[in-house]
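Following: one structure in structure tokens, then a few remarks.
The values are calculated or read from the model by the stated rules, or taken from the named source; none is laboratory data. Remember, it's a predicted structure, so these values are computed and weren't measured experimentally. Quick reminder, even Gly has a Cβ in these numbers, built from the backbone with ideal geometry, and neighbours come from all protein chains shown. Ligands, DNA and RNA are stripped out before the accessible areas are found, and what is left, the full protein with its side chains, is counted by its heavy atoms. Shrake-Rupley method; radii C 1.70, N 1.55, O 1.52, S 1.80 Å.
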Amino acid sequence: MYPVELSSSRLTLRELRLSDVDGLLQVYGDAEAVRHLSFTPRTKEQCAYIIDAAVADAQRENRGVYMLAVARGDRLVGAARVAVDERPHSAQIGLALRPDLWGQGLGSELVGLLLRFGFQELGLKRIWGARSPQNQASERVMLRAGMVEEGRIRRHLWTRDAWRDSIVHSILDDEWVPDSPAHKP
Ligand SMILES: CC(C)(COP(=O)(O)OP(=O)(O)OC[C@H]1O[C@@H](n2cnc3c(N)ncnc32)[C@H](O)[C@@H]1OP(=O)(O)O)[C@@H](O)C(=O)NCCC(=O)NCCS
């Protein structure tokens with residue numbers, strides 16, 4: 001699917017543009033924002049590379065990776081990724097917002113938007129996310145959206161010079177309630 005453009009009351013999921021590099025740096029370049037993610041803070045050059053790769057992925061015939069901008073009006077406030085699995089009924093979501101906007105319900109709104117995108121637009125049957133066991137904000141937003149805890153992947157990732165477990169959450173299409181308050185701010 002291309003181009004992606006899907007909105008909730010405060011946020012829009014859209015394709016990344018080359019001009020998003022400074023906005024993306026404010027998310028992926030921020031040590032607090034990436035503390036629980038699989039990578040260390042990115043440089044501006046690395047953010048530019050991520051955008052280049054996203055733009056290239058967006059043009060693929062059988063697009064499986066949706067690396068998207070999260071915008072509030074004209075401003076990029078975060079990044080989100082939907083990666084379709086080898087078995088294409090299922091996909092993994094990832095998300096990150098600028099730390100100065102945390103705690104206003106935007107994360108919950110964004111998970112709701114990603115589920116709507118996955119189930120309604122991509123026709124997925126299962127959507128999952130993997131979080132650090134310490135990532136309580138991620139736990140809260142996924143649980144609130146109806147993504148139940150599925151289990152622990154031990155030694156899931158090698159990151160920051162150590163192995164890290166992940167806690168997996170998931171939701172199935174027939175469990176998803178589009179107009180549930182969980183999907184609203
Ligand atoms: C996860 C993230 C998107 C949530 O965004 P947000 O806009 O703050 O989300 P919301 O405001 O909708 O909800 C956050 C919830 O986490 C809770 N929370 C935040 N920090 C917390 C902490 N350190 N301990 C416990 N709960 C915490 C908040 O209280 C809130 O729960 P509540 O509404 O039940 O009170 C944001 O924290 C983020 O971008 N983190 C960095 C990237 C990341 O970790 N992504 C997830 C990878 S799986």
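In table form, for the structure just shown:
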{"quantity": "Potential lengthening between K125 and D74 on full extension [0.36 nm per residue; Cα-Cα distance subtracted]", "calculated": "15.1 nm"}
{"quantity": "Accessible area per residue, Å², the chain with all protein chains present, probe 1.4 Å", "calculated": "53 Å²"}
{"quantity": "V77 long-range amide H proximity, modeled H, under 5 Å", "calculated": "V70, A71, R72"}
{"quantity": "For R42, residues with placed amide H under 5 Å, excluding near neighbours", "calculated": "G29, D30"}
{"quantity": "Accessible-area composition of the chain, carbon plus sulfur, in percent [1.4 Å probe]", "calculated": "48 percent"}
{"quantity": "Under-5 Å amide H pairs with E150, H placed in peptide plane, nonlocal only", "calculated": "V168, H169, S170"}
{"quantity": "Stretch gain in nm, segment L18-D165, where the contour uses 0.36 nm per residue and the Cα spacing is subtracted", "calculated": "49.5 nm"}
{"quantity": "Excluding exposed DSSP-loop trypsin sites (Lys or Arg not before Pro) (at most 12 other C-beta within 10 Å), longest clean stretch of the chain", "calculated": "61-159"}
{"quantity": "Under Karplus coefficients 6.51, -1.76 and 1.60, residue-wise ³J(HN,Hα) of the stretch 124-131 in Hz, glycine/proline x", "calculated": "6, 9, 8, 10, 9, x, 10, 10"}
{"quantity": "Low-density loop cleavage sites - GluC sites (Glu not before Pro) in the stretch 1-80, where at most 14 other Cβ are within 10 Å (DSSP)", "calculated": "E32, E61"}
{"quantity": "Distance histogram in 5 Å bins (all Cα pairs of the stretch 5-180, percent per bin)", "calculated": "1, 8, 17, 21, 22, 18, 9, 2, 0"}
{"quantity": "The stretch 1-79: C-alpha gyration tensor shape, a/c 1.5 cut-off, then a/b vs b/c", "calculated": "oblate"}
{"quantity": "For the stretch 24-41, Karplus couplings with θ = phi - 60° (6.51, -1.76, 1.60), whole Hz, Gly/Pro x", "calculated": "5, 4, 5, 9, 6, x, 9, 4, 5, 5, 9, 3, 9, 8, 7, 10, 8, x"}
{"quantity": "Low-density loop cleavage sites - chymotrypsin sites (Phe, Trp or Tyr not before Pro) in the stretch 87-142, where at most 15 other Cβ are within 10 Å (DSSP)", "calculated": "W102"}
